[in-house]
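*Asks:* Mind looking over this structure? Questions follow.
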Amino acid sequence: MNITIIGTGVYALAMTRALSLNKKNKIIMWSESDESKSSLEKSRKSLPQLGNNSLDDSVKITTSYKEALQNADIVFVMCAAKFVSSVTKEMMPFVTKKMHFVIGSKGIEQESCRFVHEVFLNFIETKKLAVISGPSFAIDIANLEPIGLSCAVKSKDTLNKLLLTYKNTNIKLRPTNDLIGVELCGSIKNVIAVAAGILEGLGYSESTRSFLITESLHDIKELIKGLGGNKKTILSYAGVGDLLLTATSTKSRNYSYGILLGKNAPEKATEYLENTTVEGYYTLKSIYTLLRRKQIKMPVIDLIYNIVMKNDDPTKLAKFLIEKK
């Protein structure tokens, strides 16, 4: 299978390493700059961001969309969510009808409040589309540990292609047709992880954080339904699986950011935000706006928004959980 990976961030690199286990896969990665390409080529034998794991020698790296896409069977879009619009637009001249596409980016577009797959479809009209999401830190994928991902698809042909692509890798795909539910879970879990980090920063135990996670699962289930998805998706890898992982580990940048907020360390939190991609911070803005546009109530999001964006008292979070109906 000829595979193109759009993006060379840590998650894209980890996925490339995993897909390289299938020796029938031929992989080319698109990088945004010559500087990034050169850096990767120099360090590919021992990538510090992947625990000093290596990229397979067969993996090619290019800054040319034309070169990256010219023979592609499957294209993985794995850049940061905020770049999906611009990247997809640049890809358009080189897209062919035979291509299948996989969205691995997580988040909701800021101004439009559209899910990533909706942003993608705004530029490239296709039914050969999948969204993958689930509990999977990049370092764990890179270490080739067993991983389970939800795979939401619009066509059986795309699913069959993906199952072949992931054959003999460390990753298992669980199929669904609920693109909205999978994307929502993959996005909102980052917001809940910030809240869980706040609770740890305040000194609360695992029991209280589990309290938050359980209440959030109920709310997310109803939100999925309200946005037209299947509420059963909350029980998937993308749902409870990813939420449990992201909201309980300091490997999560969102969780780590929340800890700084809970410890009342605004300067450190701001510095962390400036130097680290905290998807939950940006997704929080989008989710907050989306809920208002759809006239859907989700009080926990309102409270997290007020704490993160308006410097409200973080101790209100624990009180909210007790008083929540």
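Where a number appears in this text, it was derived from the coordinates with a stated rule and is not lab data. Since this is a predicted model, take the numbers as computed values, not measurements. Positions of Cβ are backbone-derived with ideal geometry, glycine not excepted, and every protein chain shown enters the neighbour counts.
*Asks:* Roughly what angle does helix 179-201 make with the longest principal axis of the chain, taking Cα atoms, 0 to 90 degrees, to the nearest 10?
*Replies:* 50 degrees
*Asks:* Between the helical axis of 266-275 and the dominant principal axis of the chain, each derived from Cα atoms, what acute angle in degrees is found, rounded to the nearest 10?
*Replies:* 10 degrees
*Asks:* Roughly how many whole Å is it from the C-alpha centroid of segment 55-71 to that of segment 1-47?
*Replies:* 8 Å
*Asks:* May I ask you to work out the translational diffusion coefficient for segment 171-325 at 20 °C, viscosity 1.002 mPa s, via Stokes-Einstein with Rh from the Kirkwood sum over Cα pairs, reported in whole µm²/s? Spell out each step's value before the answer.
*Replies:* On the way: Rh = 15.5 Å.
Estimated via Stokes-Einstein, D reaches 139 µm²/s.
*Asks:* Using 1/(1 + (r/R0)^6) with R0 = 45 angstrom and r between the beta carbons of THR96 and SER38, what's the FRET efficiency to the nearest 0.05?
*Replies:* On the way: r = 29 Å, r/R0 = 0.65.
The pair THR96/SER38 has a calculated efficiency of 0.95.
*Asks:* Taking a ≥ b ≥ c as the square roots of the eigenvalues of the Cα gyration tensor of segment 122-226, is the shape rounded (a/c under 1.5), prolate (a/b larger than b/c) or oblate? Kindly include the intermediate steps, with their values, before the conclusion.
*Replies:* On the way: a/c = 2.77, a/b = 1.58, b/c = 1.75.
Taking the square roots of the gyration eigenvalues as a ≥ b ≥ c, segment 122-226 is oblate.
*Asks:* Which pairs break 23 Å Cα to Cα here: LYS225/LYS319; LYS82/LYS297; LYS106/LYS294? Could you put the intermediate results ahead of the total?
*Replies:* Details: LYS225/LYS319 27 Å; LYS82/LYS297 25 Å; LYS106/LYS294 21 Å.
Exceeds cut-off: LYS225/LYS319; LYS82/LYS297.
*Asks:* So which aspartates and glutamates pass the test for LYS60, namely a Cα distance under 17 Å, with those fewer than 8 places away in the same chain ruled out?
*Replies:* Correct list for LYS60: GLU32, ASP34, GLU35, GLU41, ASP73.
*Asks:* Also: Just the number, please: Stokes-Einstein D of segment 100-153 in µm²/s, Kirkwood Rh from C-alpha pairs, 37 °C, 0.692 mPa s.
*Replies:* On the way: Rh = 12.5 Å.
It diffuses with D of about 262 µm²/s by this estimate.
*Asks:* Also, I was wondering about something else. Taking the DSSP beta bridges in segment 90-175 as the whole, what percent of them are antiparallel, to the nearest 5?
*Replies:* Details: 5 of 13 bridges.
The answer is about 40 percent antiparallel.
*Asks:* Looking at segment 18-138, what % of its DSSP beta bridges pair antiparallel, to the nearest 5? Mind showing how you got there, number by number?
*Replies:* Details: 2 of 12 bridges.
The antiparallel fraction comes to roughly 15 percent.
*Asks:* Moving to a separate point now. So what's the Cα pair-distance distribution over segment 1-63, bin width 10 Å, in %?
*Replies:* 23, 62, 15
*Asks:* Angle check, please: helix 156-165 long axis (alpha carbons) against the longest principal axis of the chain (alpha carbons), in degrees 0 to 90, nearest 10.
*Replies:* For 156-165 against the chain, the angle is about 80 degrees.
*Asks:* Let me ask something else. Could you work out how far the C-alpha centroid of segment 211-280 sits from that of segment 152-209, in angstrom?
*Replies:* 11 Å
*Asks:* Given the chain, what percent of its DSSP beta bridges are antiparallel, to the nearest 5?
*Replies:* Numbers: 6 of 31 bridges.
Close to 20 percent.
*Asks:* Moving on to the next point. For LYS127, which lysines qualify as cross-link partners when the Cα separation must be under 17 Å and same-chain residues fewer than eight apart are set aside?
*Replies:* LYS97, LYS98, LYS154, LYS156, LYS161
*Asks:* Using only C-alpha atoms and all pairs of different ones, pull out the Kirkwood radius for segment 37-91 in Å with one decimal.
*Replies:* Working: mean 1/r = 0.0766 Å⁻¹.
Across segment 37-91, the inverse of the average 1/r is 13.1 Å.
*Asks:* In deg cm²/dmol and to the nearest 500, what is the mean residue ellipticity at 222 nm of the chain if only DSSP H runs of at least 4 residues count, each as -39500 (n - 2.57), divided by the residue total? Present the calculation step by step, with values, prior to reporting the outcome.
*Replies:* Numbers: 15 runs with 161 residues, N = 325.
That comes out to -15000 deg cm²/dmol.
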